[in-house]
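Chemist: Please see the structure below; I have some questions.
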Amino acid sequence: MTNPTDTLIVDTSNGKLRGKRMGGVHAWLNIPYAAPPVGPLRFREPQPVQPWTGIRDATRFGASALQPPLLPGPLNTVISSASQFSEDCLYLNVWSPAADGRKRPVWVWIHGGAYDLGGGSQYLGHELAKQGDIVFVSINYRLNAFGFLNLGGLFEDERFAHNAGMLDQVAALRWVKENIEAFGGDPGRVTIGGESAGSASVVTLMVMKAARGLFHGAIAQSAGMSLHADWNSSLDIAQEFASQLGVGRDNRDQLWSLPAPLLSRAMERTKKTRPEGLATRPYFDGQVLPSSLEEARAIRTPDIPLLIGTNLDEHRFFTVLRLPIMPLKRPRLANLLTRQLGAERTDKLLALYPDTDRGLTDLGSHTIFTMPSIHFSEQHAQHAPTWRYRLDYPSPFLKLGAMHALDLFLLFPFPPRLTRLLLGKPTPELEALAQRMKRHWLRFVREGRPEEGWPAYDLEKRKTLLLNLKDELVEDPEGARRRAWAERDVMPS
């Protein structure tokens, strides 16, 4: 119930919160949705919040999950939160026009960052909440060694939860279902959205039994299901991490008492043994997640609307900035394809991508992002409404093109200097593109479909909206290459 004398005070299932006014709406920041995952709760599935008495201050952002810096200089704000970092990180933020008893649609945002960095506080939701008359929620979840290491499988010890970071996301959605009405939101109209690892999280939640019924629409920007690890790869990573700490089966209990920064440094050393690829990520475990990518692809996803797409030049973000999260060179990509698809099929695929800068961008983008996204679209569009897009607008900075994460700067209010650096000089045409995107996304959150003129994706015509200074609706872009991939996804090593 809302305090009738102060709409900044809300009463949740765990206690009262006092928020603040921000950008024309109300904001409640740093709300705990699970107990701090520290001490004996480290590596465990998220536990209930301890209720509090009195009124908890919710006017300042809290800590994001422990994480390393990734990008140089000001670009680190692309996927790295400006807040402090802590193992105690299971908090979320809410923006709403008012806690007035109305039931507005809810958009829950899951941040990206390669399951290694980022935080909910970098995604300010006041503009979207105001423009769309919605409730916007951004969440934290455990990252890297604390959220996605298969220590349970390595030590055959159930005290280590599988995919704890994904379980955190489910716990946040349960909190939303139980509490969002107090903030002016409708628990029966929740859309989940995310970009990169956040997008991979969205599609993963769509095949998780524990997440069924917790959301009613999904937005997946720049990822499919293939950013995960198989069981054996997850064990290899966990073993390397344990070796870095000198921990084995007999002394594994030390992992609950060792200082968190020590574990983070061990994870950084583990990453250096894998020169290219994602060291920590969700893994197919047969419990929290399906047992394999094939099993996940066979699951009937919920009968909910899906808005999904990628950017034209995803791979440029990693090659230009030299970020070894993904394979950066053609030989590395060819080796990855050969290991998983075989030499004959790899040769046929490589023949479609010339050995040029453009060919490398397309090959890397298609391998890691575009084709997995299309394949998930195909899986879902067979029984539920689906809309596909591709962002083609090119960043003028360092010839990055329509790079990975550029879409975020059209949707969210990042620092103006950084936004101008990446999007270029503000023009009426660029502002119009940003507004069209926001209107499409917000109408999808509100009504389960984008603006008029964007038809649903089907397996016959495959109409895709190409977003640029002048949008274009195209049937089956990259059709020949799509057919050559034929529903096969490659998981990064």
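Chemist: Going Cα to Cα from residue 16, which aspartates and glutamates come in below 20 Å? Please leave out same-chain ones fewer than 8 positions away.
Modeler: 6, 57, 100, 178, 181, 186
Chemist: Same structure, new question: With a 1.4 Å probe and all protein chains left in place, how much of the accessible area of the chain comes from carbon and sulfur atoms, in whole percent? Before the final figure, lay out each step's value.
Modeler: Details: 9480 of 18610 Å².
Answer for the chain: carbon and sulfur cover 51 percent of the accessible area.
Chemist: Put +1 on the Cβ of each Lys and Arg and -1 on the Cβ of each Asp and Glu in region 360-493; which of 432, 473, 422 then has its Cα farthest toward the positive end of the dipole?
Modeler: Toward the positive end, the furthest listed residue is 422.
Chemist: In the chain, with Lys and Arg counted as +1 and Asp and Glu as -1 at Cβ, which of these residues, 165, 491, 402, has the Cα nearest the positive end of the dipole, that is, farthest along it?
Modeler: With unit charges placed on the Cβ atoms, the residue in question is 402.
Chemist: In addition: Can you give the longest run of the chain that contains no GluC sites (Glu not before Pro) sitting in a DSSP loop with at most 13 other Cβ atoms inside 10 Å?
Modeler: 159-451
Chemist: If you don't mind, another one. Take every DSSP beta bridge whose two residues both sit in the chain, then give the antiparallel share in percent to the nearest 5. All intermediate terms of the calculation are to be shown ahead of the outcome.
Modeler: Values: 22 of 58 bridges.
In the chain, approximately 40 percent of DSSP beta bridges are antiparallel ones.
Chemist: Take the alpha carbon gyration tensor of region 207-332, find the square roots of its eigenvalues, order them as a ≥ b ≥ c, and report rounded if a/c is under 1.5; if not, report prolate when a/b exceeds b/c, else oblate. Kindly include the intermediate steps, with their values, before the conclusion.
Modeler: Values: a/c = 2.22, a/b = 1.29, b/c = 1.72.
Taking the square roots of the gyration eigenvalues as a ≥ b ≥ c, region 207-332 is oblate.
Chemist: Percent relative contact order of the chain, based on C-alpha pairs within less than 8 angstrom and at least six residues apart? Intermediate results must be reported in sequence, preceding the final value.
Modeler: Working: 1073 pairs, mean separation 67.5, N = 493.
The normalised contact order for the chain reaches 14 percent.
Chemist: May I pose another question? Relative to the present Cα-Cα distance, how much length would full extension add between residue 98 and residue 174 at 0.36 nm per residue of separation? List each step's numbers first, then the result.
Modeler: Details: separation 76, 0.36 × 76 = 27.36 nm, distance 2.13 nm.
Contour length minus the Cα-Cα distance gives 25.2 nm.
Chemist: Report, as a whole number in µm² per second, the diffusion coefficient that Stokes-Einstein gives for region 287-429 at 10 °C and 1.306 mPa s using the Kirkwood radius over alpha carbon pairs.
Modeler: Numbers: Rh = 17.1 Å.
Value of D from the Cα-based Kirkwood radius: 93 µm²/s.
Chemist: Rounded, prolate or oblate for region 427-467? Axes are the square roots of the Cα gyration tensor eigenvalues, ordered a ≥ b ≥ c, and the cut-off for rounded is a/c under 1.5.
Modeler: Values: a/c = 3.68, a/b = 1.49, b/c = 2.47.
Oblate is the answer for region 427-467, as a/c is 1.5 or above yet b/c matches or exceeds a/b.
Chemist: On alpha-carbon atoms, Rg over Rh for region 152-284 using Kirkwood Rh? Don't jump to the answer; show the numbers that get you there.
Modeler: Details: Rg = 17.3 Å, Rh = 16.7 Å.
With Rh from the inverse mean 1/r over Cα pairs, Rg/Rh is 1.03.
Chemist: Oh, and also: In region 448-472, which residues have a backbone nitrogen under 13 Å from the label point lying 7 Å from residue 186's Cα in the Cα-to-Cβ direction?
Modeler: Label zone hits: 448-449.
Chemist: Let me ask something additional. Quick one: P(r) of the chain from all Cα-Cα pairs, 20 Å bins, percents rounded to integers, in order of increasing distance.
Modeler: Pairs per bin, as whole percents: 25, 59, 16, 0.
Chemist: For residue 340 and residue 18, what does the FRET efficiency come to when R0 = 45 Å and r is the distance between their Cβ atoms, rounded to the nearest 0.05? Let's see the in-between values first.
Modeler: Values: r = 52 Å, r/R0 = 1.16.
Here the calculated transfer efficiency is 0.30.
Chemist: Under a point-charge model restricted to the Cβ atoms of Lys and Arg (+1) and Asp and Glu (-1), what is the dipole moment magnitude of the chain relative to its Cα centre, in debye to the nearest 20? Working shown, then result.
Modeler: Working: 58 positive and 53 negative charges, 159 e Å.
The calculated dipole for the chain is roughly 760 debye.
Chemist: Could you tell me the calculated FRET efficiency between residue 425 and residue 250, based on Cβ-Cβ distance and R0 = 56 angstrom, to the nearest 0.05?
Modeler: It comes to 0.35.
Chemist: Given the C-alpha centroids of region 292-326 and region 13-61, what is the distance between them in whole angstrom?
Modeler: The two parts, judged by their Cα centres, are 31 Å apart.
Chemist: Given R₀ = 35 Å, FRET efficiency for residue 351-residue 268 by Cβ-Cβ distance, to 0.05? The partial results should precede the final answer.
Modeler: Values: r = 38 Å, r/R0 = 1.10.
With R0 = 35 Å, the Cβ-Cβ based efficiency is 0.35.
Chemist: What distance in nm lies between label points placed 7 Å from Cα along the C-beta direction at residue 322 and residue 84?
Modeler: In this crude spin-label approximation the distance works out to 3.4 nm.
Chemist: Amide H to amide H, which residues 5 or more places from residue 386 or on other chains are under 5 Å from it, using H placed in the peptide plane?
Modeler: The list, which skips near neighbours in sequence, is 306, 457.
Chemist: With every protein chain present, what is the per residue accessible area of the chain (1.4 Å probe, Å²)? The partial results should precede the final answer.
Modeler: On the way: 18610 Å² over 493 residues.
It amounts to 38 Å² per residue over the chain.
Chemist: Radius of gyration and Dmax for region 274-345's Cα atoms, expressed in Å?
Modeler: Every Cα atom of region 274-345 included, Rg and Dmax give 15.8, 40 Å.
Chemist: What are the extents of the Cα atoms of region 370-493 along their three principal axes, in Å, largest first?
Modeler: Dimensions of region 370-493 along the principal axes of its Cα atoms: 42, 38, 24 Å.
Chemist: How large is the accessible surface of residue 471 in square angstrom, using a 1.4 angstrom probe and rounding to the nearest 10?
Modeler: 50
Chemist: Please list the three semi-axes, largest first and in whole Å, of the ellipsoid equivalent to region 347-405, using sqrt of 5 times the eigenvalues of its alpha carbon gyration tensor. Don't jump to the answer; show the numbers that get you there.
Modeler: Numbers: eigenvalues 121, 64, 10 Å².
Working through the eigenvalues yields semi-axes of 25, 18, 7 Å.
The values are calculated or read from the model by the stated rules, or taken from the named source; none is laboratory data. It should be emphasised that the depicted structure is a prediction, and the values quoted were computed from it without experimental measurement. As a convention, Cβ positions derive from the backbone with ideal geometry for all residues, glycine included, and neighbour counts pool all protein chains shown. The accessibility values were calculated without ligands, DNA or RNA, using every heavy atom of the protein model including side chains. Shrake-Rupley method; radii C 1.70, N 1.55, O 1.52, S 1.80 Å.
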